[in-house]
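Each remark here refers to the structure printed beneath this line.
The values are calculated or read from the model by the stated rules, or taken from the named source; none is laboratory data. Here the structure is a predicted model, which is why all the values come from computation and not from measurement. Cβ atoms come from the backbone with ideal geometry, glycine included; neighbour counts cover every protein chain shown.
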Amino acid sequence: MSATPETAPVSPGTGGGPLLEVDGLRVGFATEDGRVQAVDGVDFQLEPGEVLAIVGESGSGKSVTAQTLIGLTRSPNSHIEGSVKLNGEELTTLSEAQLQKVRGRQIAMIFQDPMTSMNPVYTVGRQIIEAIRAHDSKVGKRDAHRQAIELLEAVGIPDADRRVDAYPHEFSGGMRQRAMIAMGLALEPSILIADEPTTALDVTIQAQILDLIQDLNRSRGLATILITHDLGVVAEVADRVLVMYGGKVVERGTLTDIFYDPQHPYTWGLLGSLTRLDQPRPHRLPQISGAPPSLLNLPSGCAFRPRCPHEFGKCKEVPGLEARLPEDPNHRDRCWLTAEQKRRLREVEGRIGLEEPRG
Amino acid sequence: MGSDVSGATSTEATTAPSGALLEVTDLVKHFPIKSGLLFDREVDQVRAVDGISFSVDKGETLGLVGESGSGKSTACRAVLQLLKPTSGSVKFEGQEIAGLGRRELRPLRREMQMIFQDPYASLNPRKRVGQIVGDQLKIQKVASGGELRKRVEGLLDRVGLSPEHYNRFPHEFSGGQRQRIGIARALALEPKLVICDEPVSALDVSIQAQIVNLLDDLQDELRLTYVFVAHDIGVVRHISDRIAVMNQGKIVETGPADQVCEHPRDAYTKKLLAAVPIADPRESAARRAERTAAG
């Protein structure tokens with residue numbers, strides 16, 4: 001890889017202000033069937049040391065949002081609008097070579113399936129060393145090897161000095177995900193993007209990985225964007241939550257806002273359809289009817305309208321993402337119902353849920 | 001796991017009431033590991049299912065939980081004789097079916113069906129929905145012609161699809177709809193026992209609830225008996241009357257669903273339950289504090 005000398009290195013934290021600021025992000029893809037607007041106006045800020053969860057189902061735009069932050073969705077058929085600022089510096093207009101310096105060093109990303117995101121023919125250690133040396137060619141092989149061992153130790157891999165020379169297939173799923181995290185941490189980034197990091201893992205392993213993410217978040221002040229569909233995972237580690245649906249953020253707030261005072265009917269539906277072990281089981285799960293919309297053919301107005309039992313005339317217009325509770329300007333949602341209506345409607349059989357559609 | 005495994009594995013489950021639809025006793029499925037230059041020699045075995053016993057009553061749902069590699073899926077396949085068990089007995093309505101030949105099994109296949117995990121992989125992409133659901137009616141000579149079509153359309157309607165979907169291909173459907181096709185196929189022959197192997201784990205959260213509710217409704221309506229296999233204990237507890245917990249090829253605990261989830265006795269079950277995330281930030285914070293305090 002021939003690195004062209006960069007005149008504009010990415011400056012480290014300037015202090016104050018958010019670490020990452022996303023404003024009006026829109027990502028569209030031209031396909032044979034027409035344009036798919038995968039992300040349609042997403043704004044959020046990430047503070048240092050914070051865990052932000054982006055929750056949504058497949059096709060909600062959560063992964064595309066995350067990938068776009070580090071330029072992974074750039075391609076001839078994609079169309080990206082809006083702004084992504086890291087410490088005040090715009091990322092969407094950076095060249096590929098400049099972005100390369102952001103990736104890994106400032107923002108690292110780990111993926112759902114740790115088996116397919118590692119190269120099976122290289123040892124785990126070699127892949128970590130490669131990451132270290134690709135970004136800093138001055139680090140010697142021996143030093144990089146030692147660093148790799150330290151990183152594996154830091155993410156809780158026992159026997160790291162031997163394990164460093166093992167191949168990915170010799171690792172279990174949880175170990176692989178730890179190794180992926182180690183690789184992500186190699187260049188001491190300030191942000192970790194974790195895209196469904198535990199979805200492919202067993203629950204006991206999932207708990208360990210979530211503990212690890214939270215430890216790193218606390219001990220290193222690592223800001224984390226956690227992409228997931230699992231509200232249980234969110235409850236375990238997140239500080240703030242964005243709920244996405246049909247390419248838009250439909251609700252955002254603190255963990256407490258989303259779980260104890262949810263405002264959007266889609267959020268009620270998600271919470272209601274959980275099978276919770278800590279509660280008596282309901283006779284029937286309050287379900288959301290229908291299926292997530294196709295991004296090729298989104299319903300007009302509120303995208304959740306066809307699945308929402310509380311739909312009324314006004315829903316034909318797209319609601320803005322607004323604070324509708326006067327006491328809480330940071331808790332925002334996209335729904336035309338008034339706060340009192342919501343409080344009344346979201347109670348189903350004594351818990352939060354979406355009532356059965358009529359008829 | 002627990003030191004009491006030997007006792008817990010078989011004793012309590014084998015004392016099944018006589019009304020059992022399915023009775024599995026000491027079922028074993030080992031896979032040989034072979035090696036050798038000229039002649040394959042068996043050098044070791046994978047003990048995928050290592051002597052499990054359980055019974056399922058008519059109209060009941062038995063949940064089978066465990067992590068990947070615990071032997072759940074192998075157990076299902078060995079019960080249905082899709083894999084030949086190494087040893088042990090599987091009785092369906094009192095009749096021993098372990099070791100029966102293909103031909104002898106054929107009439108029994110009508111009574112026992114399976115729903116698979118991945119609705120993308122379990123439907124033949126080149127067949128139309130009508131064929132996928134109706135083929136077995138033809139093979140088993142239950143219906144043909146207009147009668148066949150009418151029955152398939154009825155089934156599609158029953159699982160929440162539209163009869164107009166008859167001539168469509170699987171790729172035209174979403175994951176949840178595909179799983180409905182899989183369910184219609186499983187129900188076509190009006191089976192008594194349906195084994196659901198991770199039927200919702202590949203689906204979106206909002207769709208999972210729909211499928212769980214559909215399976216619940218179908219059970220009430222058609223008096224089906226389910227063996228419901230999943231790694232998600234929340235879902236298993238919701239749908240099951242009783243739960244069996246599997247670990248490393250053995251059943252470590254069996255009991256009524258609420259009892260197993262609220263008062264687990266086995267160490268492994270406890271560990272499994274403690275790891276399930278709770279969708280309640282206050283509770284999960286409290287539990288985390290406990291966990292870190294403990295070590």
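On the basis of being facing chain B (nearest Cβ under 9 Å), of a type in the set (Lys, Arg) and surrounded by 16 or more Cβ atoms within 10 Å (Cβ to Cβ), does A:Arg281 make the cut?
Numbers: facing chain B (nearest Cβ under 9 Å): yes; of a type in the set (Lys, Arg): yes; surrounded by 16 or more Cβ atoms within 10 Å (Cβ to Cβ): yes.
So A:Arg281 passes the test.
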Practice task
Look at region A:211-239 and say how many of its residues are of a type in the set (A, V, I, L, M, F, W, C), part of a helix (DSSP H, G or I), in contact with a strand residue (DSSP E or B) (Cβ under 9 Å, 6 or more places away or on another chain) and under 22 Å from A:Ile128 (Cα atoms).
Solution key: 2
Practice task
Would you check if there is a residue in region B:76-85 being within 14 Å of chain A (Cβ to nearest Cβ), buried (at least 18 other Cβ atoms within 10 Å of the Cβ) and in contact with a Leu (Cβ under 9 Å, 6 or more places away or on another chain)?
Solution key: no
Exercise for the section: With the checklist (1) of a type outside the set (Val, Ile, Thr); (2) without any contact (Cβ under 8 Å) to a residue 40 or more places away in the chain; (3) assigned by TED's automatic domain parsing to the domain that holds B:Lys138 in hand, flag the one item B:Glu290 doesn't pass. Expected result: (3)
Handout entry: Those residues of region A:218-230 which are under 27 Å from A:Glu57 (Cα atoms) and within 13 Å of another protein chain (Cβ to nearest Cβ), in sequence order
Key = A:Leu226, A:Thr228, A:His229, A:Asp230
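Please return the ranges of helices (runs of 4 or more DSSP H) entirely within region B:90-162 where 1 or more residues are small (Gly, Ala, Ser).
Working: elements: B:102-109, B:129-139, B:145-158.
Result: B:129-139, B:145-158.
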Fill in the blank from the handout: Residue set B:Ser122, B:Ser73, B:Ser68; condition among the polar types (S, T, N, Q), closer than 28 Å to B:Asn213 by Cβ and out of contact with any strand residue (DSSP E or B) (no Cβ under 9 Å at 6 or more places or on another chain); output residue B:Ser68
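In this structure, is A:Pro286 over 30 Å from B:Ala285 (Cα atoms), part of a loop (DSSP other than H, G, I, E, B) and within 14 Å of chain B (Cβ to nearest Cβ)?
On the way: over 30 Å from B:Ala285 (Cα atoms): no; part of a loop (DSSP other than H, G, I, E, B): yes; within 14 Å of chain B (Cβ to nearest Cβ): yes.
For A:Pro286, the condition - over 30 Å from B:Ala285 (Cα atoms), part of a loop (DSSP other than H, G, I, E, B) and within 14 Å of chain B (Cβ to nearest Cβ) - is not met.
To keep it simple, each residue is scored yes or no on (1) closer than 30 Å to A:Thr267 by Cα; (2) more than 11 Å from chain A (Cβ to nearest Cβ); (3) in contact (Cβ under 8 Å) with a residue 40 or more places away in the chain; (4) polar (S, T, N, Q).
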site	(1), (2), (3), (4)
B:Ser206	yes, no, no, yes
B:Ile211	yes, no, no, no
B:Gln219	yes, yes, yes, yes
B:Arg223	no, yes, yes, no
B:Ile233	yes, no, yes, no
B:Glu253	no, yes, yes, no
B:Cys261	yes, no, no, no
Exercise for the section: Would you mind telling me which numbered condition in (1) within 13 Å of chain B (Cβ to nearest Cβ); (2) over 23 Å from the mean Cα position of the chain (by Cα) A:Gly301 fails? Expected result: (1)
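Can you name the residue in region B:166-180 that is within 14 Å of chain A (Cβ to nearest Cβ) and assigned to a helix (DSSP H, G or I) and is also surrounded by the fewest Cβ atoms within 10 Å (Cβ to Cβ) among such residues?
B:His171
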Exercise for the section: Taking the residues in region A:185-210 that are away from chain B (no Cβ under 14 Å), buried (at least 20 other Cβ atoms within 10 Å of the Cβ) and modelled with pLDDT under 90 as candidates, determine which candidate is nearest to A:His135 (Cα to Cα). Expected result: A:Ala186
Completion exercise
Expected single match for in contact (Cβ under 8 Å) with a residue 60 or more places away in the chain and in contact with a Cys (Cβ under 7 Å, 6 or more places away or on another chain) among A:Pro286, A:Pro293, A:Pro265 is A:Pro265
Exercise for the section: Considering each residue of region A:304-331, count those that are touching an Asp or Glu at 6+ places or on another chain (Cβ under 6 Å) and not in a loop (DSSP other than H, G, I, E, B), and give that number. Expected result: 1
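Identify all residues within region A:240-260 that are in a helix (DSSP H, G or I) and of a type in the set (S, T, N, Q); write none if there are none. Break it down into steps so the answer makes sense when it comes.
Step one: filter region A:240-260 for residues in a helix (DSSP H, G or I), giving A:255-260.
A:Thr256 - this is the single residue of region A:240-260 that is in a helix (DSSP H, G or I) and of a type in the set (S, T, N, Q).
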